[in-house]
Amino acid sequence: MKIETLVKMANDIGNFFNAESNKEIAAEGISKHILRSWHPKMRREIIAYCKEDGSALSELARTAITKLDQA
């Protein structure tokens, strides 16, 4: 899958969870959603992108993806 598509998906999930006032809880929700719903290859690709550049990811999505990498 193209990284642009994964970035858009991650940012869209982030936009949904952005309504949560506690951003730590929001980031955890994004991480859990990606862990549950995305294929492992997709997760590896977005984590690698986040480590290498990550500039197109929202701050909340970047935080969540960093949590995924630490899991």
State whether the residues of the stretch 59-71 include one that is under 10 Å from the mean Cα position of the chain (by Cα) and hydroxyl-bearing (Ser, Thr, Tyr). yes
For SER31, are the conditions met, namely being modelled with pLDDT of 95 or more, at negative phi and assigned to a loop (DSSP other than H, G, I, E, B)? no
Hey, MET1 hits all of (1) surrounded by fewer than 14 Cβ atoms within 10 Å (Cβ to Cβ); (2) at pLDDT 95 or above but one; which does it fall short on? (2)
Out of the residues in the stretch 48-71 that are among the small types (Gly, Ala, Ser), outside any helix (DSSP H, G or I) and modelled with pLDDT of 95 or more, which is nearest to GLU24 (Cα to Cα)? SER58
Taking the stretch 33-52 as the search range and keeping residues that are farther than 17 Å from MET1 by Cα and touching a helix residue (DSSP H, G or I) at 6+ places or on another chain (Cβ under 9 Å), which one is surrounded by the fewest Cβ atoms within 10 Å (Cβ to Cβ)? LYS51
Somewhere in the stretch 12-28, is a residue free of Cβ contacts under 8 Å to residues at least 40 places away in the same chain, among the aliphatic types (A, V, I, L, M), surrounded by 11 or more Cβ atoms within 10 Å (Cβ to Cβ) and within 23 Å of LYS2 (Cβ to Cβ)? no
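The values are calculated or read from the model by the stated rules, or taken from the named source; none is laboratory data. No experiment lies behind these values; they were computed from the predicted model shown. Reconstructed Cβ throughout: ideal geometry from the backbone, glycine too, with neighbour counts over all protein chains shown.
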